[in-house]
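Please treat every number below as a calculation from the coordinates, not as lab data. Keep in mind the model is a prediction, meaning the values are calculated, not measured. So basically every Cβ, Gly included, is an ideal-geometry build from the backbone, and we count neighbours across all protein chains shown.
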Amino acid sequence: MSAFFAMDGYAAFVWPAYALTFAGIAGLVILAIKRRKDAESRLKRLEAEEAGL
Amino acid sequence: MFSYFANPERFERLARVVTPWAWGGAAVLFAIGLPWALVISPPDYQQSETVRIMYVHVPSAWLAMAAYAGLGVSSFIYFIWRHNLADLAARALAPAGAVFAALCLVTGALWGRPMWGAWWVWDARLTSMLVLLLLYLGYMALRAAIEDEKLAARAGSILAMAGLINLPIIKFSVDWWNTLHQPASVIRFDGPTIHASKLWPLSVMALAFTALLTALVFSTMRTLILERRAAVLERKREQRLEAEASEGFAE
Amino acid sequence: MSAALALFSRELKLAWAGGGGPAGPAAFNLAALALAPLAIGPDGDTLAAAGPGVIAFAALLATLQPAERLFGEDAADGTLELYALSGAGLATAVLMKTLAFTLAVFWPIAPIAFIAALAYGLEAGPALILSLALLLAAPGLALIAAFAGALAAGLKRAGLLIALIAAPLQVPLLVFAAGAGRAAAEGTGLEGANLMMAAAGSLAALALAPLGAAAALRARLE
Amino acid sequence: MSDGLSAEFTRADVRAAGVALSRGGRTLVRGLNFAAAPGEALAITGPNGSGKTTLLRAVAGFIRPDAGEIHVEPASDVKIAWLGHAEGLKPAETVRDALTFHAALQGASPELIEPVMERMAVAHLARRACGTLSAGQRRRTALARLALSNAGLWILDEPTAPLDAVSRARLGALIADYRAAGGVVIATTHAALDWPDQTGLDLSDAAREARSA
């Protein structure tokens, strides 16, 4: 199993490449979801206030 | 066809269907692609295991270019027909495209180091990608610098179209600049020259990245629509409070 | 005389008089050329090899330096509205203004390049080719800088924005201009092709940049 | 042709129906109709922020109205002259050079420059750089540019603002001659404009309710 992680001695390049790629992707995904949640809650709050008038 | 999707309700119905499928598709494709790329596909006789970096490096490059093409086309649609949705698409595509371009450069460096002994190689493709990243940064900086939303959208669309028109010329001039000195770069990864055992995992990973970008763009566009509706309500609220304030003063 | 000619001669006079005319960009160009060897090192061969590239790059920076001023003032003092409503139209006004500006402000680029090439250790032949290449590329570089200036007119820190927007679009002209100088210095015989490419780049900019800049200025008028 | 005014321009006919305008998301004007035929003057009044300048920019074609249409017929060869708050004068340029340039730009004959400068009392400032002029002098120079503009429609944004009584009278005479020659004038103003039989267009909220009632 450890041979797999060693990546024939190139572990220092293969794993960071995948790690950084999925860090970038995770960043995009989390940002998108967070921004969507914020927009939804803000809209709900404003609509509630509008309806409450 | 474009005006069909122009009105938000029809887009919202479409997005509500596409977005979950896109997220799901991306997850499934990554679930298949990753083990295939990391374990199942054979190492390269020359590059040994480092060839696995190709499975994230190449899709990033393709998606960075595809996203910029999308940015250019949606800017053209916004500039000519003034469909707000096209502008929303552009605003959703730019950051994702920039991230993919940056990822392509980073993974390119990580791939080049073991093979050529240098973190950065002024290879024609990598250099073009660097210029593409600059185009993205220029677009995002321009939009951020303009407060008025309509002006930012129009100025952004003009710059994105200029970028798209110039992209082939830039690519040509970088290739021209590069071929005079270095032999064609070692990475031969475009098209059929690579073995089927590598072509399949690469295609799956490329599809996974594409599904991911689709999900990101649709989701961001829906968020931007919500933010716009919230902004309208907020402005109405401000006008109401201002009216109440002045009434209080008038009595 | 025709509206376009009237625009050209007025902008020529204004460019020459306003903001010290060619002094700003020329000084900027010379400063870059003087400092580069201090950074690169005194070794003659390195400087000769790096010469064409550094000189072409300094010329590019010189075209970016005044770009902020190009349309920033017109947007603020009401000239933009008059040019938009004139019979000539905004695109012609932009073209005439940029060509006049290039003539009045950027004419020192070629002579400076020639002298600097000699100073960097190139032979007279390659130095001439390099300054000719920059003469051909200068209008294109200026037009692209004008396009970026129109997009960023009146914005905060417009200068930074212009550099970021214009630089990628100026890559081809930089490559061909420096390429001509390098080809001449290395005797690869490709200087002719590079010169033609540089001229083609400027012609393309001549056709596209005014339309883009006019569209950007029209958006600003809204 | 009365001296000091170029009058070989194409007559303009302005018609607007159902015009709606907004700025930064805020609706300024809705369902607005107005018209101005050759010889007429339209004075637009209303408090600050009621959309006066935005309306002028829409008539000039800088802004596309959110709804409705604004027609300046015949669209192909009618020229429009614009006088905004910023007069469009370059500080380094002398008054004469500025007027010579604008005459050439608009295709007016150079002989007109001298009489126009006399008329707007800027002849004695001919060699002065525009940057050194006072607000009133700058406005008179800009009005001289209008007289040279050979345009069928003049759009003026608060033209009398920096003018003293004498210059306001001078402007009144220029407008009268221009209208007599068949020109159309659309102007915004705070103070009442003493131009004979002008048609008014009030953008204040009260007037809007009256219109929509």
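Below are the figures for this structure:
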item	result
Per-residue ³J(HN,Hα) for segment C:23-28, Karplus 6.51 cos²θ - 1.76 cosθ + 1.60, θ = phi - 60°, Hz, x for Gly and Pro	4, x, x, 5, 4, 4
Mean residue ellipticity (222 nm) of chain D, computed from DSSP H runs ≥ 4 via -39,500 (n - 2.57), nearest 500	-9000 deg cm²/dmol
Backbone N within segment B:23-52 under 19 Å of label point (7 Å from residue A:1 Cα along the Cβ vector)	B:35-36, B:38-40
Stokes-Einstein translational diffusion, segment B:1-113 - Kirkwood Rh over all Cα pairs, 1.567 mPa s, 4 °C, in µm²/s	79
Built amide H within the under 5 Å cut-off of residue D:13, gap 5+	D:73
Exceeding the 21 Å Cα-Cα cut-off - candidates B:171/C:156; A:44/B:236; C:97/D:90; B:150/B:236; C:13/C:97; C:13/D:90	B:171/C:156
Residues B:203, D:50, B:60, sorted so that the one with the fewest Cβ neighbours within 10 Å comes first	B:203, D:50, B:60
Point-to-point label distance, residue B:203-residue D:85, nm (Cα→Cβ direction, 7 Å offset)	6.3
HN-Hα J in Hz across segment D:6-18 - Karplus 6.51, -1.76, 1.60, θ = phi - 60°, x for Gly and Pro	8, 10, 8, 8, 7, 5, 10, 10, 9, 9, 9, 9, x
Sequence-distant residues sharing a close amide H with residue D:28 (under 5 Å, placed H)	D:21, D:22, D:23
In nm, spacing of pseudo-spin labels at residue C:156 and residue D:66 (7 Å Cα→C-beta vector)	2.8
Student exercise, segment C:3-221 dipole from Lys, Arg, Asp, Glu Cβ charges, in Debye to nearest 20	560
J(HN,Hα) series, segment D:75-81, from Karplus relation 6.51 cos²θ - 1.76 cosθ + 1.60, nearest Hz, glycine and proline x	4, 5, 10, 8, 9, 10, 10
Within chain B, longest stretch free of exposed chymotrypsin sites (Phe, Trp or Tyr not before Pro) [DSSP loop, at most 11 other beta carbons within 10 Å]	B:120-251
Pairwise label distance in nanometres, residue B:45 with residue C:196, each label 7 Å out on the Cα-Cβ vector	4.3
Helix B:149-179 vs. chain B, principal-axis angle (Cα, 0 to 90°, nearest 10)	10
Chain B: calculated mean residue ellipticity at 222 nm from DSSP helix runs of at least 4, using -39500 (n - 2.57)	-28500 deg cm²/dmol
Residue D:182 long-range amide H proximity, modeled H, under 5 Å	D:39
Point-charge dipole on Cβ atoms (K/R +1, D/E -1) for the protein assembly as shown, about Cα centre, debye to 20	1060
Dimensionless Rg/Rh of the protein assembly as shown - Kirkwood Rh, Rg from C-alpha atoms	1.04
Positive-pole candidate from A:23, A:51, A:3, dipole of segment A:2-51, charges at beta carbon	A:51
Net charge dipole size for segment A:2-51 [Lys, Arg +1 and Asp, Glu -1 on Cβ; Debye, nearest 20]	100
Residues A:46, B:110 arranged by fewest to most Cβ contacts within 10 Å	A:46, B:110
Burial ordering of B:214, D:160, fewest other beta-carbon atoms within 10 Å first	B:214, D:160
